[in-house]
């Protein structure tokens, strides 16, 4: 609080983020909002980014984007500290428009906390002369274009900034590229508050979910999040062929709005999953028709998403290695104390460092190993249960909110 005569004037934290839309970052900010307001002595305001307008390319959209940015800048100037939830794609389509908007927000801010949902890759993306390889290279180049300019601003005025990353690895890497360690904070993602967890009725929810999908008395496995090539859901589908018939797989999520091909009903990743489910080789080990054991639940709202995850006996995260720094579904599964089977990629190895032993790993793409570990209940052993409990005591949305307020006080004093 700042004293002005006899009046106490609260300082203001402004969060600039996607908000109330189908987006993992929006969901994260919505989860953070309640605990942040409860703990804060400052005023907390959230300004939603007009993501669709920022990414559109028509002349009308550019004019609207300019107007929207001006309104955001006006709010930014009034705040003591601005928190930028940084995922470059939220701010536009081209690196030039992305940086123009991010740079304008930073220039208008008195102090800035940057939450990094994407970080620059220490290993450069190699050029591969195929459509997918070129797309990844261009995406990497776009990110580097933005981060090079961002870090130049940071180095010119380091005390204006505080940085929040999702793993200790990112914190170390930021220090290696010249950011002051005292300005870097790290903690894994979290979504559910203690109050939300305490009112959960697991037995009732599991019964309701089993009735909803007509799978009473079965074992549920779940894959969660946007349907995307790197999520590796086909690995979970293949593993189902090596599991007993009472195992069912719930696939929760839809195509990312920005990943839907226009003017066609043929969506490549959906088609790939359909081929995995419908294809039957008589010589292949298969318990029964996968059509009856794999269930597409669609894109669910936050509450129903959480309920289906809670009802699952285990969560499967068979991701590819794409340089990802965090996983919303993994964080939510830990909030709900669910057993997790995940690919042994860098993202999940870093997450496991916060509480070794809480995750059950299998090699990227190895559906046979995944099925074997599920059969022997590798994710539900006493040591893993204890590790997940210890993790949740230390890392939760309340401690995440406290981290923001620590960074805020660090800057606003």
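What follows draws every value from the coordinates through simple rules; no lab data is involved. Nothing here was measured: the structure is a model prediction, and the numbers come from that model. A quick note on method: Cβ atoms are made from the backbone with ideal geometry, for glycine too, and the neighbour counts reach across all protein chains shown.
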| Taking only the alpha-carbon positions of the range 198-394 and ignoring solvent, what does the Debye formula give for the base-10 log of I(q)/I(0) at q = 0.09, 0.12, 0.14 Å⁻¹? | -0.32, -0.58, -0.80
| query | Okay, helix-only estimate at 222 nm for the chain: each DSSP H run of n ≥ 4 adds -39500 (n - 2.57), divide by all residues, round to 500 deg cm²/dmol; what do you get? | reply | -14000 deg cm²/dmol
| request: Rank 399, 109, 203 by mean-square fluctuation in a GNM of the chain with C-alpha springs under 10 angstrom and give only the top-ranked residue. | output: 203
| note | With Cα springs under 10 Å, the Gaussian network model of the chain assigns the largest mean-square fluctuation among 92, 253, 34 to 34
| Size of the range 339-413 along its principal axes in angstrom, Cα-based, largest extent first? | 55, 25, 14
| message | Given the C-alpha atoms of the chain, compute the convex hull and give its volume per residue in Å³. | response | 158 Å³
| said: Which residue fluctuates most in the GNM of the chain (Cα springs below 10 Å): 344, 376, 262? | reply: 262
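Compute the relative contact order of the chain as a whole-number percentage, counting only Cα pairs closer than 8 Å that sit 6 or more residues apart in sequence.
Across the chain, relative contact order equals 16 percent.
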| task | Please sort 233-245, 382-394 by packing, taking for each peptide the average over its residues of neighbouring beta carbons within 10 angstrom, highest first. | result | 233-245, 382-394
| Folded to 0 to 90 degrees: helix 59-78 orientation relative to the chain principal axis, Cα | 60 degrees
| field | Label-point separation, residue 349 to residue 228 (7 Å along Cα→Cβ), nm | value | 2.1 nm
| Pair residue 198, residue 157: separation of 7 Å Cα→Cβ label points (nm) | 4.3 nm
| request: Return one number: the angle in degrees, 0 to 90 and rounded to the nearest 10, between the long axis of the Cα atoms of helix 302-311 and the longest principal axis of the Cα atoms of the chain. | output: 40 degrees
